[in-house]
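The values are calculated or read from the model by the stated rules, or taken from the named source; none is laboratory data. All values derive from a computational prediction rather than experimental measurement. Here the Cβ positions follow ideal geometry from the backbone for every residue, glycine too, while neighbour counts run over all protein chains shown. To get the accessible areas, we keep the full protein, side chains included, count just its heavy atoms, and leave off ligands, DNA and RNA. Shrake-Rupley method; radii C 1.70, N 1.55, O 1.52, S 1.80 Å.
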Amino acid sequence: MADAAVPSSTAPRRIDAIDRKILTVLQENASLSVAEIGDRVGLSSTPCWKRIQRMEAEGIITGKVALVDQNRIGLGLSVFVSVESADHSDAWLKKFAEIVSGMPEVMEFYRMAGDVDYMLRVVVADMQSYDLFYKKLIGSVALKNVTSRFAMEKIKSVTALPVPPVEAT
């Protein structure tokens, strides 16, 4: 829940066109060497490395991971879970967020605007595994309504954000 659209108390440093190119390259393949990234964005290794280090320190780059095919490791079922709550207190939300954030099956967790309060993306092996997850979820905290939607086919799934161009001043 840390990446919700919340106004920051300090204005983020503007990132320039080169930083944006670096971010695009890293999102495509973070295993490239600094020299390879520099070649792709038109920098030598040292300035490229310094930019990457700065963006990591500033929290623009939050990590580097290996992407894993969920089906090939036996996690063939994706479920989108809508949750409605009768309780909207800070104490309830804190408890709910702590419990759900601790469930390894939950890949994404959002507080929503609209007709549902929370949306979860859950990945499990099969329907029996989802049933166990569901029972754990509804037994953990009072909920008004839980609706599960099962993905039949993944048509598009990307991890790379569309890095916007430099804003005109």
* To do: All but one of (1) open to solvent by 60 Å² or more (accessible area, probe 1.4 Å); (2) touching a strand residue (DSSP E or B) at 6+ places or on another chain (Cβ under 6 Å) hold for Asp69, so report the exception by its number.
  => (2)
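Give the number of residues within region 99-125 that are in contact (Cβ under 8 Å) with a residue 60 or more places away in the chain and either in contact with a helix residue (DSSP H, G or I) (Cβ under 9 Å, 6 or more places away or on another chain) or open to solvent by less than 40 Å² (accessible area, probe 1.4 Å) (or both).
Here is the first cut: in region 99-125, the residues in contact (Cβ under 8 Å) with a residue 60 or more places away in the chain are 101, 109-111.
Subsequent filtering for residues that are either in contact with a helix residue (DSSP H, G or I) (Cβ under 9 Å, 6 or more places away or on another chain) or open to solvent by less than 40 Å² (accessible area, probe 1.4 Å) (or both) retains 109, 111.
Counting residues in region 99-125 that are in contact (Cβ under 8 Å) with a residue 60 or more places away in the chain and either in contact with a helix residue (DSSP H, G or I) (Cβ under 9 Å, 6 or more places away or on another chain) or open to solvent by less than 40 Å² (accessible area, probe 1.4 Å) (or both) gives 2.
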* Asked: So which residues in region 117-150 are among the basic types (Lys, Arg) and under 24 Å from Ser89 (Cα atoms)?
  -> Arg121, Lys135, Lys136, Lys144
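Looking at region 83-91, can you tell me whether even one residue there is on the phi > 0 side of the Ramachandran plot, surrounded by fewer than 14 Cβ atoms within 10 Å (Cβ to Cβ) and out of contact with any Cys (no Cβ under 9 Å at 6 or more places or on another chain)? Give the steps one after another, and end with the answer.
Initial filter on region 83-91 (on the phi > 0 side of the Ramachandran plot): none.
Within region 83-91, none of the residues are on the phi > 0 side of the Ramachandran plot, surrounded by fewer than 14 Cβ atoms within 10 Å (Cβ to Cβ) and out of contact with any Cys (no Cβ under 9 Å at 6 or more places or on another chain).
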* Val166 is checked against (1) surrounded by 15 or more Cβ atoms within 10 Å (Cβ to Cβ); (2) among the β-branched types (Val, Ile, Thr); (3) in contact with a helix residue (DSSP H, G or I) (Cβ under 6 Å, 6 or more places away or on another chain) and fails just one. What number does that condition carry? -> (1)
* List the pairs whose first member sits in region 156-169 and is modelled with pLDDT of 90 or more, whose second member is of a type in the set (D, E, K, R) and open to solvent by 100 Å² or more (accessible area, probe 1.4 Å), and whose Cβ atoms are under 8 Å apart, counting only residues at least 6 apart or on separate chains? -> Ala160/Glu28
* Hey, can you tell me all the residues within region 121-157 that are among the acidic types (Asp, Glu) and more than 30 Å from Glu28 (Cα to Cα)? => Asp126, Asp131
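So, in region 63-87, exactly how many residues are under 19 Å from Thr159 (Cβ atoms) and among the hydroxyl-bearing types (Ser, Thr, Tyr)? Break it down stepwise before answering.
Within region 63-87, the subset under 19 Å from Thr159 (Cβ atoms) is 63-73, 75, 78, 80.
Retained after the next criterion (residues that are among the hydroxyl-bearing types (Ser, Thr, Tyr)): 78.
Residues that pass the stated criteria total 1.
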* Any idea which residue in region 126-150 is most open to solvent (accessible area, probe 1.4 Å), counting only those that are assigned to a strand (DSSP E or B) and not charged (D, E, K, R)? -> Phe150
